[in-house]
Amino acid sequence: MFLHPGIIALTLGSVIVLLLVFFASALGIKIIRRWDIKSSSEEQLMLERKTYLVSTLVQYALLFEVVSIFLFIYTAEDIHTLLAGAMCATGSLNANPFGFPALYAKIAVFFTAASWIAVNHLDNKAEDYPLIKMKYKLLLAALVLLITEFILQFLYFLKIEPDVITSCCGVMFSEKGKGIASSLASFPPLPAMILFYSLFAVTTATGAAAYKQQRKPFTYLLSIFTFMFFIFSIAAIISFISLYFYQLPTHHCPFDILQKEYYYIGYPLYAFLFAGSFLGIMAGVVERFKKIPSMNRIIPAAQKRWALYSIIFLTIFTLIASAPIILLPFRLY
Amino acid sequence: MIKTENITKDFNKGMRDEVTAVKDVSIEINKGDFAVLKGPSGSGKTTLLSLIGCMSRPTSGRVLVENRDVSRLPERFMTKVRRNTFGFIFQQFHLIKGLTVSDNVMLPLYPTDITPSELRKRAEDILNTLGMSDRKKFQVQKLSGGEQQRTAIARALINNPAIILADEPTAHLDTHLSEEFLSIMRNLQQQGKTIVIATHDPLVYEKEYVNLYIEMRDGMVRGAGRKH
Amino acid sequence: MRKSTAFFIFITANLAVMAALYIHSLTAVSKHPVFKKEIKEIAEKLRLTDLVLSTDARYTRHPSQADLFSAFQDFPGSIEHFPTGSVIPPPDFSYMRTEIRIYGN
Amino acid sequence: MAINKHKNILDYTLQSLLRRKFKNTGIILVFTFIIFAVSSIILLSYSLKKEAGMLLKYSPEIIVQKILAGRHELISTKIKNEIMGIPGVSKVEPRYWGYYYDSGVRANYTIIGIGVSGIENNRLIKGRMPSANEKNAAAIGREIADARIIKKDIGDSLNLQNSEGRWMEFKIVGIFESDSEILTADLIIISESAFKSLVGMPEDTATDLAVRVANETEIPTAARKIKELFPYSRPILRDEVIRTYDAVFGWRSGLILAMFAGALAAFIILAWDKATGLSAEEKQEIGILKAIGWETSDILEMKFWEGLVISLTSFMCGLILAYLHIFLLDGFLFAPALKGWSVIYPHFNLAPFIDFYQIAILMAITVLPYIASTIIPSWKASITDPDTVMRG
């Protein structure tokens, strides 16, 4: 591993977050074992107060995770000059088998921490804290993910060897290559476009339905469709959206749009996609908590809000993604 | 209005220095009452006051505020009840030094979503009725004892509480100021507020408008009586 | 004025200064000699491979050309004494065993 | 969104920070200094790295050195044709260069012998380059011109001692302008033949060979071919040159950062101590707030604002100062450590390359540890029992 400022920053940040969440989880285990809302003992009072600490810790950890995903990609971007054959982040992440898994783990941690905060937010509104035990089990799951992420990231930086020639986006996302990335890249743009926009239409329609009526089929459908939309959007970015941003018929890299040359357009693009998908998915996930008596008014209100923000964010995402298709001169057909 | 059912409060439970501050207390205070908790120091008055005022939770028993059981509420919600229902006046005034009178008065409502202009207006109105309007830009540590107390009263009134709780309010005041304090309280009672004062000052509990006496000793209620 | 407003103004002012510096950086970078075609010509025609950062020793004047893999720069027993030597990194051996390993595909 | 609530709490936080002016200004000053120092290092090394990358893009694709017993040796120019035969190679040119120690000013110069230079009318050269046949003309770097006791100018002469001890006189025909100093500060350019006779270089040899390869992707293959044909050779790729510089500055800034980590750690301990060691007065204040209707999360929010105000103020001030220091005042405090020490000391204006990545890194290594260190103490303060003020 080398003393690169970005690597120092990421490793230091991860260690700090890991320590914080580790501490929070230790408190969480105690809460899972000893929590009794009906008790008025001093111990219960202390546990109650510890929940504040845990939620603060997790909130800070999430904040760092958001920054860390982008910092990680950017660091990969920055070290490509040190690696033979790497032309951008893809190449750097390909430099050893830990690069991409580390990125996926980061995304998983982000979603887990965000859903923890969403559940916590709901739980804090009900006077009997009905979700508390479930919440702290989720925290333990987040800890496991976080440890995985830390190890993968650490191994990735540790095992980077400058003399190993890596394959870059030109190879990985080429239409002739093998593997998932290449098959996505070689997916013909026109059907992909039709699929993408129709999926967007269906998702926003169910979103609007869930906004109007927070009932079972709608919220569940919203969940399923936003999830599908999320996966398919990533595929669409590789398949055709990137082509329009780069104005090149063969450049499929999903990371280059984060660069200065493309006015950092990738950041808002991914931010809206992640936020919109997350809220849409959560709207369905919390459906099952409706059964809890103290939650039956809180959940629909939250679902309504989330469904609304989900459609708004996903619409903004789609607008950003469509802008170059409409506005720029480049044409695939 | 406020009802306690067999409430007990232990401190340091299970440890060697375990203390039972309040034991098996059942009282009832009605709307519009001018109640006095009397008893020597160490009799559990202050603890009872903090239990009634949702500052702490009883070890056992129930506290009902406006027919709502608050004794098992998590802190987050207790605070809400406390902020909406009670105004507190402390023995030591407990004003924050370095802040002006009006800042001190506005403090309880900072964490609510109130606009500063509205908050300022409310504070000025209250300070006006207490005859403190010319002091509002003063820093509190520069005020006299009586003025500090009136600032503390104003602070207790800022959230327009239904119940005012005061802990030994006259302990640091001379007779004249004590009378003045009581007349302010009497006024508030006449406006429909409920007043609860913990004290062992005869000047307070001998007032004719006090209609509920609760006498405490060793954490237990020794006697309670209602006039009128 | 509310203190929070004052604080936001302070932060905005700072951000404005930072934005101004950013603009300064953009213009200064674009005007910088590094982007002039003449300096490119010098680098290209004189076939230069290193920057003049410190001229105290061969391996600090031309780090990319120096035989950093040899144990002693000048003669066996010479003790490292150039201050720059302490901040020049260990050698890059990459060219010595260039094997092609590709992960991913 | 309860915007007023948050602004109210921020108002109170600022008030309470102002009431402890002395202590809080002290913390902000120390933190600002640390951020200033760390940012200066990062900005400086990033900018140098970028400049190196920009400039060295134009250096030859491959340099072929001869290695003898592990040391750099003169290479035979006879192998030129064989290298030309390698597919992809478009040109092979010998380079003649070396060092000259000037005992007068105790400095090392870099001497380059050139054939037909191909540089015409370059605005960065005052005067001209020596032509291929001129025996006694030289173009010199600005710092050499300035290093002599009597400042050299065009038309002056420069005396160099050759390998046999005889003095050779060169007429200065060109001086590099200061804008090019990062490449040319210590250069003496003379003609190829003058170089050979000055250093006494045998016929048919050169310092090394510059190999041009037109197609980017064929560079590694060509280099491997050269290594196969001439096992004693050491081909240096242009990518490697650039990577060397990346690593040099990455390593140096990392090293200095590691040194500053100590200062940062000390500060974090200070922050922790400040946050845990609440004064009795502050503790009572929090008790009062809780008694009059503030909730635990409100106190936490207040503490969050406190951390944000301190770290954001310090961060922005530190960053702005660092920018001014590095790019407008030429980094006078730290440049020696990053640029190196020497007699010939290039003066050049850095190109102020900055981007958001640098700022994000800076935040991650300064603000993040600070905030993290205050979470637990803040929470400890926030759970003060509201009725302590009654019992107190």
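What accessible surface, in Å², does a 1.4 Å probe find on residue B:183, ignoring ligands, DNA and RNA and rounding to the nearest 10?
Its accessible surface works out to 60 Å², give or take rounding.
Restricting everything to alpha-carbon atoms, can you work out Rg to Rh for the stretch A:1-167 with a Kirkwood hydrodynamic radius?
1.11
Between residue D:205 and residue D:134, what length comes free when the chain is fully extended (0.36 nm per residue of separation minus the Cα-Cα distance, one decimal in nm)?
Value of the extension gain: 23.5 nm.
With a 1.4 Å probe and all protein chains kept in place, how do A:225, C:8 rank by accessible area, largest first?
Largest to smallest exposure gives the sequence C:8, A:225.
Which FRET efficiency, nearest 0.05, do residue C:19 and residue D:99 yield, Cβ-Cβ r, R0 41 Å?
Between residue C:19 and residue D:99 the formula returns 0.35.
How would the stretch D:204-341 be classified by its alpha-carbon gyration tensor: rounded, prolate or oblate, with rounded meaning a/c under 1.5 and the a/b versus b/c comparison settling the rest?
It is prolate, given that a/c is not under 1.5 and a/b is the larger ratio.
Which FRET efficiency, nearest 0.05, do residue C:40 and residue D:347 yield, Cβ-Cβ r, R0 30 Å?
Taking R0 as 30 Å, the efficiency between residue C:40 and residue D:347 is 0.90.
In Å³ and rounded to a whole number, note down the convex hull volume per residue for the Cα atoms of the protein assembly as shown.
204
Accessible surface of residue B:157 in the full protein assembly, 1.4 angstrom probe, to the nearest 10 Å²?
Roughly 20 Å² of residue B:157 is accessible to a 1.4 Å probe.
Given the C-alpha centroids of the stretch A:225-253 and the stretch A:1-30, what is the distance between them in whole angstrom?
The stretch A:225-253 and the stretch A:1-30 have Cα centres separated by 32 Å.
Could you give the length gained by full extension between residue A:205 and residue A:265, i.e. 0.36 nm per residue of separation minus their alpha carbon distance, to one decimal place?
Once the chain is fully extended between residue A:205 and residue A:265, it gains 18.9 nm.
Of B:192, B:14, B:53, which has the largest mean-square fluctuation in a 10 Å C-alpha GNM of chain B?
B:14
In what order, largest first, do A:297, B:72, D:238 sit by accessible area if the probe radius is 1.4 Å?
The most accessible residue leads, giving A:297, B:72, D:238.
Per the Cauchy relation, a quarter of the hull surface: what is the mean projected area of the convex hull of the alpha carbons in chain D, in nm²?
27.2
Using a/c under 1.5 as the rounded threshold, could you call chain A rounded, prolate or oblate? The axes a ≥ b ≥ c are square roots of the C-alpha gyration tensor eigenvalues, and prolate needs a/b larger than b/c, oblate otherwise.
Since a/c reaches 1.5 but b/c is at least a/b, the shape of chain A is classed as oblate.
Could you check what % of the DSSP bridge pairs in the stretch D:75-206 are antiparallel, to the nearest 5?
Bridges in the stretch D:75-206 are about 70 percent antiparallel.
Hey, what angle do you get for helix A:99-123 against the long axis of chain A, alpha-carbon based, 0 to 90 degrees rounded to 10?
Taking the Cα atoms of chain A, the angle to A:99-123 is about 30 degrees.
Going from the alpha-carbon gyration tensor of the stretch A:1-59, what semi-axes, largest first and in whole Å, does one get by taking the root of 5 times each eigenvalue?
Taking √(5λ) for each eigenvalue gives 35, 9, 6 Å, largest first.
Give me the mean projected area, in nm² to one decimal, of the convex hull enclosing the Cα positions of chain B.
12.8
Please tell me which of these pairs span more than 24 angstrom C-alpha to C-alpha: B:3/B:97; B:137/D:380; A:38/A:135; D:50/D:91; A:50/A:133; B:13/D:274?
Too far apart for the 24 Å limit: B:3/B:97; B:137/D:380; D:50/D:91; B:13/D:274.
Would you rank A:242, D:178 by solvent-accessible area, highest first, keeping every protein chain in place and using a 1.4 Å probe?
The residues order as D:178, A:242, largest area first.
At R0 = 60 Å, how high is the FRET efficiency between residue A:39 and residue D:151 if r is their beta carbon distance? Nearest 0.05 is fine.
Efficiency at R0 = 60 Å is approximately 0.10.
For chain A, modelled as a Gaussian network with Cα springs under 10 Å, which listed residue fluctuates most, A:86, A:209, A:95?
Sorting by GNM fluctuation, first place goes to A:209.
Describe numerically, in nm with one decimal, the distance between label points set 7 Å from Cα along Cα→Cβ at residue D:76 and at residue A:180.
Distance between the two pseudo-spin positions: 5.7 nm.
Can you tell me which of A:323-330, B:173-180, A:134-141 comes out highest on packing, and rank the rest after it, using the mean Cβ neighbours within 10 Å?
A:134-141, B:173-180, A:323-330
Output the 0 to 90 degree angle, nearest 10, between the alpha-carbon long axis of helix A:298-327 and the longest principal axis computed from the alpha carbons of chain A.
10
Could you state how much accessible area residue A:211 has, in square angstrom rounded to the nearest 10, with a 1.4 Å probe and all protein chains kept in place?
80
Quick one: among D:271, D:351, D:214, which has the greatest mean-square fluctuation in a GNM of chain D with alpha-carbon springs under 10 angstrom?
Fluctuation is largest for D:214.
Run the quick spin-label model on residue A:331 and residue A:30: label points 7 Å from Cα toward the beta carbon, then report their separation in nm to one decimal.
6.8
Please compute the modelled spin-label separation between residue D:214 and residue B:205, points set 7 Å along Cα→Cβ, answer in nm with one decimal.
Distance between the two pseudo-spin positions: 10.9 nm.
Answer rounded, prolate or oblate for the stretch D:121-228, using the Cα gyration tensor with square roots of eigenvalues a ≥ b ≥ c: rounded when a/c is under 1.5, else prolate when a/b is larger than b/c, else oblate.
Oblate shape, in that a/c is at least 1.5 and b/c is the bigger or equal ratio.
The values are calculated or read from the model by the stated rules, or taken from the named source; none is laboratory data. Predicted model, so just to flag it, every value in this text is computed and none were measured. Don't worry about glycine lacking a Cβ; one is built from the backbone with ideal geometry, like all the others, and counts go over all protein chains shown. What goes into the accessible areas is simple: the full protein's heavy atoms, side chains included, and nothing from ligands, DNA or RNA. Shrake-Rupley method; radii C 1.70, N 1.55, O 1.52, S 1.80 Å.
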